[in-house]
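K.L.:
My questions will all concern the structure given below.
The values are calculated or read from the model by the stated rules, or taken from the named source; none is laboratory data. Because the structure is predicted, anything quoted here is derived from the model rather than measured. Note that each Cβ is placed from the backbone with ideal geometry, even for glycine, and that neighbours are counted across all protein chains shown. Keep in mind that these areas ignore ligands, DNA and RNA; they rest on the heavy atoms of the full protein, side chains included. Shrake-Rupley method; radii C 1.70, N 1.55, O 1.52, S 1.80 Å.
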Amino acid sequence: MSKLELQIAWRYLRSRRGSKLLSLISIIAIGGVLVGVSALIVIIGVMNGLQHDLREKILVGSPDIRVLTYGEDMKITDWPEVLAKVRKQPGVVAAAPFVLTEGLMTTNHDYNGGVYVVGLLAQGRGVPDVTTIRSHVTQGDFRFASSDGQRRGVVLGKLLAARFNKYPGDTVSLLSAGGGKINPVTGSIVPRSESFEVTGIVETGMYEYDNSYAFIALDKAQDLAGLGDGVTGIEVKATDRWQAATVASGLTGALGWPYRTVDWQEQNHSLFQALKLEKLGMGVILLLIVLVAAFNIVSTLTMVVADKTKEIGILKAMGMPSGSIRRIFFAQGLVIGLVGTVLGLVVGFGAALALDKYQFIKLDAQVYFIDHLPVSTQPTDVMWIILASIAIAAVATVYPALQASRLYPIEAIRHE
């Protein structure tokens, strides 16, 4: 594209007396691209942030991989041997046994509520941190060191502790039907009941963990769930979270029947697939704003062609080829697309940064698992938005440019 073609394109975009409408329409076309690009950046950033924040909060208490077993008892009795095999597998950083059961928590009053009871190895030297749950404790620790010296400590989620009004030093009772005997008279299950001293409070920022989870020592959880010497499974931390599926597949092959593995993506498959689909849908819908802006570009250039018909005829009569005329109008559309895209990037990034820093939009943690709207802008997404915006603006110039290049010089000069 020559310097002369660029100068003519820029002149056609500028307003002059008696033709201010064209300049206004150009500004409207730029504004359409601006709105579309900025909206795409903010919304896609929000979808990325929501997915990232949910993933990180879920993985606070959920490992990269869980090794479980088939069977009616749903427990691993030979877990020390299984644990040793798991730790030797490539891609495994850390592994530890765990117990997961459902129970009822009561404080010897009328009020009680259901909880998820998780049994973990007590915090100490040589004990691996498969998840980051221990680093989120706000009061006490995960040593489960009760005042009676029997390690009957329990760490409660912050909201769970507040709901029962129990804090470090207080006592709670946990009831479980696991392994319970049948009452021969009533035919009902006699639940197991154990008393625990609150030795810690944990706050993860995820409502489900903070409101429903109680953590106790592994051996105490085995007794409460009626598992004997068995455990629910082995939790595993992989070297790379995104390679967890590959590591899980290797573990399944190495352990054989009756063991099975579930990686973090499989555990929350429906949630993350829904988020990906929602991100795609929102992107397509908001891209329609840029398409509307493209129609503005078409109308703008069409009006320029109608207004400059005589001048185009003179240029062609002076020897300017049709290709140069097409490039002039292509340059106009490209300028509108580039200016709108750059301004949209500035506005979009500004809005995204402000939304992430000041957290203007609050969410109900009971519904959305998180308490504010997170924003995470990914370079690849921004690149696709820029390319799509400029490509749409370029395509929008095709019809007006062809229309201008096909004008006959004599007819164009005589045009009124």
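K.L.:
Find which of Ala388, Phe329, Ala238 sits farthest along the positive direction of the dipole of the chain, computed with +1 on the beta-carbon of Lys and Arg, -1 on that of Asp and Glu, about the Cα centre.
P.N.:
The residue sitting most towards the positive pole is Phe329.
K.L.:
How big is the dipole moment of the stretch 249-310 about its Cα centre under a simple scheme where the beta carbon of each Lys and Arg is +1, that of each Asp and Glu is -1, and everything else is neutral? Debye, nearest 20, please.
P.N.:
260
K.L.:
Compute the distance in nm between two label points, each set 7 Å from the Cα along the Cα-to-Cβ direction, one at Ser270 and one at Glu81.
P.N.:
3.7
K.L.:
Please get the size of the charge dipole for the chain, origin at its Cα centre, with Cβ charges of +1 on Lys and Arg and -1 on Asp and Glu, quoted in debye to the nearest 20.
P.N.:
Using only the charged Cβ atoms, the result is roughly 2280 debye.
K.L.:
May I ask for the angle, rounded to the nearest 10°, between helix 269-307 and the longest principal axis of the chain, with both axes built from Cα atoms and the value confined to 0 to 90°?
P.N.:
With both axes taken from Cα atoms, the answer is about 10 degrees.
K.L.:
Among (i) 27; (ii) 12; (iii) 42, only one was calculated for this model; which label is it, if the read-out is percent of Cα pairs over 41 Å apart?
P.N.:
(iii)
K.L.:
Excluding the sites themselves, what is the longest stretch of the chain that contains no chymotrypsin sites (Phe, Trp or Tyr not before Pro) in a DSSP loop with at most 16 other C-beta atoms within 10 Å?
P.N.:
Longest stretch, sites excluded: 112-359.
K.L.:
May I ask you to derive the FRET efficiency for Arg241 and Val398 from their Cβ-Cβ distance with R0 = 41 Å, giving the value to the nearest 0.05?
P.N.:
After rounding to 0.05, the efficiency reads 0.35.
K.L.:
Can I ask one more? To the nearest 20 Debye, how big is the dipole of the stretch 95-166 about its Cα centre, given +1 on the beta carbon of each Lys and Arg and -1 on that of each Asp and Glu?
P.N.:
Around 180 debye, computed over the stretch 95-166.
K.L.:
How far, in nm, would the chain grow between Thr138 and Met303 when pulled straight, counting 0.36 nm per residue and subtracting the alpha carbon separation?
P.N.:
Net length gain for the segment: 52.8 nm.
K.L.:
How much of the accessible area of the chain, in percent, comes from carbon and sulfur atoms when a 1.4 Å probe is used?
P.N.:
Carbon-and-sulfur percentage of accessible area, whole number: 59.
K.L.:
How much length is gained if the chain between Phe360 and Asp219 is pulled fully straight, taking 0.36 nm per residue apart and subtracting their Cα-Cα distance, in nm to one decimal?
P.N.:
46.2 nm
K.L.:
Okay, next question. GNM, the chain, Cα, under 10 Å: largest mean-square fluctuation among Arg406, Arg192, Arg66?
P.N.:
Arg406
K.L.:
Would you mind working out the accessible area per residue for the chain, using a 1.4 Å probe, and quoting it in Å²?
P.N.:
51
K.L.:
Collect residues whose amide H, placed 1.01 Å from N in the peptide plane, falls under 5 Å from the amide H of Thr261; neighbours closer than 5 in sequence don't count.
P.N.:
Distant-sequence amide H within range of Thr261: Leu68.
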